1. List the chymotrypsin sites (Phe, Trp or Tyr not before Pro) within segment 279-321 that DSSP assigns to loop and that have no more than 11 neighbouring Cβ atoms inside 10 Å.
2. Most exposed first by the Cβ proxy, i.e. fewest other Cβ within 10 Å, how do Met72, Met32, Met328 rank?
3. Residue by residue through segment 30-41, what is 3J(HN,Hα) from phi via Karplus (6.51 cos²θ - 1.76 cosθ + 1.60, θ = phi - 60°)? Round to whole Hz and write x for glycine and proline.
4. Summing +1 for each Lys or Arg and -1 for each Asp or Glu, what net charge is found among the other residues whose Cβ lies under 11 Å from the Cβ of Phe293?
5. With axes computed from alpha carbons, what is the tilt in degrees of helix 214-249 against the longest principal axis of the chain, rounded to the nearest 10 within 0 to 90?
6. At 222 nm, what value in deg cm²/dmol follows for the chain if DSSP H runs of at least 4 each add -39500 (n - 2.57) and the sum is divided by all its residues, to the nearest 500?
7. Highest mean first, how do 146-156, 393-403, 211-221 rank when packing is the count of other Cβ atoms within 10 Å averaged over residues?
8. Here is the link list: Lys350/Lys431; Lys222/Lys350; Lys45/Lys210; Lys222/Lys431; Lys253/Lys277. Which ones come out longer than 20 Å on Cα distance?
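Bear in mind that the values in this text are calculations on the coordinates, not laboratory data. Note that this is a predicted model, so its numbers are computed, not measured. With ideal geometry, Cβ positions are generated from the backbone for all residues, glycine too; neighbour counts draw on all protein chains shown.
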Amino acid sequence: MDVEILSRIQFAFTIAFHYIYPPLSIGIGLVMVIMEGMYLRTGDKVYETMTRFWTRIFALTFGIGVATGIVMEFEFGTNWATYSRYVGDVFGSALAAEGIFAFALESGFLGVLLFGWNRVSPRVHFIATIGVFLGSMFSAIWIVVANSWQQTPAGYHVVGEGMNARAEITDFWAMVFNPSSVDRVLHVWLGAFLAGAFLVMSVHAYYLLKGRYVELSQKAFKIALAVGFVFSLGQLITGHHSAEGVAKNQPAKLAAMEGHFDSLAVADMYLFGWVDKQNQQTHGLAIPGGLSFLTHFDFEKPVTGLNAFPENERPTALNAIFQFYHLMITIGMLLIGLSAFGAWQWWRGKLFEQRWLLQIFVWAVLLPQIANQVGWFAAEMGRQPWVVYGLLRTSDALSRTVTANQVMFSLILFTLIYGLLFILFIYMLNKKIVHGPYDESDIATNPQQEEIGKILTTKS
């Protein structure tokens with residue numbers, strides 16, 4: 001393989017691995033805010049106990065997320081020097097804003113969150129929890145803004161020519177609020193909320209199936225289910241708005257996602273299928289005119305297809321983009337259905353009587369993570385052959401002195417190191433889950449909430 005393909009694989013691998021953790025941190029952070037808020041409102045020690053437990057898991061995901069994120073910044077310089085020069089002014093501003101407004105806030109309150117129990121008042125600790133949560137959300141804003149600028153550049157002008165050309169910001173707020181940034185930030189936030197909520201439901205469904213921490217797990221599960229239900233519906237709305245933006249600003253990407261070839265024709269919406277790139281056909285189950293309706297609210301209105309663009313300006317991996325995009329949508333609908341069914345069982349008072357449903361929730365933790373990953377794959381692969389849409393081609397963005405052997409060697413090392421980190425993460429996470437929110441050996445059979453609170457307070 002050549003340098004371009006290897007460099008793209010390396011960056012895709014490192015960012016995909018990194019992206020396991022920030023969504024979990026954001027989602028767990030939201031659930032922690034709700035749990036601790038319930039503790040302040042009710043004085044119920046069970047809510048404090050579950051908050052302490054999830055704080056420990058949050059710290060684990062946050063730590064590995066920070067460590068794995070640093071690597072990508074070095075890759076910009078080693079593998080993508082031309083790209084770094086071109087977008088340096090834009091990305092420098094966005095990443096500086098992340099450090100000032102997000103990472104400092106998150107890190108500043110993290111110490112109080114982790115070590116402030118019984119050292120500061122409950123209200124001050126709650127403020128620290130909110131601060132950490134908001135810091136993680138602000139961090140997502142600036143990262144997504146930088147990426148969205150690559151998709152829909154705005155607020156800039158290009159200085160220099162050829163290999164010395166670079167984009168300079170002319171309007172900071174136009175850069176921040178570029179045509180795709182708001183929709184994409186909301187979509188990323190909601191995906192993170194779902195990742196955290198379904199992890200919480202998975203763990204507490206496991207406890208309920210084992211008959212452990214029953215009262216605590218029922219309350220924690222309901223909190224996470226409410227989050228999952230609300231934001232799975234919200235994700236459908238933000239996803240639709242984002243797709244409308246893609247149709248307007250990146251029509252070639254939308255055509256690739258839906259396997260639509262005709263230059264200007266009514267477009268079907270495929271529920272599933274397979275793209276035959278050679279014969280320029282898509283086979284599968286489709287709703288006639290469905291894409292036309294979702295794009296223009298008119299079943300008869302044409303949609304721009306791939307053949308309207310020069311061949312060298314179309315995405316190449318059409319079937320992969322199609323499959324990733326439709327897998328994301330399928331999982332999104334599954335999350336809505338599962339959350340809605342769980343909410344209905346809750347309303348009926350039978351949520352925890354359905355063991356088969358709890359077993360599904362144990363494994364459903366994988367669904368938001370898969371959806372987050374394949375959604376990013378579809379978005380990034382659909383932007384090709386541009387690394388900055390319409391301005392800089394991916395093939396022109398590479399470092400000129402890096403060889404394929406060097407990239408391959410570093411890719412192998414990253415794979416080994418990240419593999420070890422993932423094993424460590426799973427081991428530590430499993431250890432914390434097996435131990436549970438508190439030591440069961442210290443609690444009498446069928447304990448009361450007040451007794452649990454007294455023991456935990458005494459131990460602290």
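1. Numbers: sites: Phe293, Phe297, Phe299; in loops: Phe297, Phe299.
Sparse-neighbourhood loop chymotrypsin sites (Phe, Trp or Tyr not before Pro): Phe297.
2. On the way: Met72 12, Met32 27, Met328 23.
With the fewest neighbours first, Met72, Met32, Met328 line up as Met72, Met328, Met32.
3. Ordered by residue, 3J(HN,Hα) equals 4, 5, 4, 4, 5, 4, 5, x, 5, 5, 5, 6 Hz.
4. On the way: positive: Lys301; negative: Asp268, Asp298, Glu300.
Local net charge: -2.
5. Long axis of 214-249 versus the principal axis of the chain: about 10 degrees.
6. On the way: 16 runs with 318 residues, N = 460.
Rounded to the nearest 500, it is -24000 deg cm²/dmol.
7. Values: 146-156: 21.8, 393-403: 15.2, 211-221: 19.1.
Those peptides, ordered most packed to least, come out 146-156, 211-221, 393-403.
8. Values: Lys350/Lys431 30 Å; Lys222/Lys350 12 Å; Lys45/Lys210 22 Å; Lys222/Lys431 24 Å; Lys253/Lys277 15 Å.
Going by Cα-Cα distance, Lys350/Lys431; Lys45/Lys210; Lys222/Lys431 fall outside the 20 Å limit.
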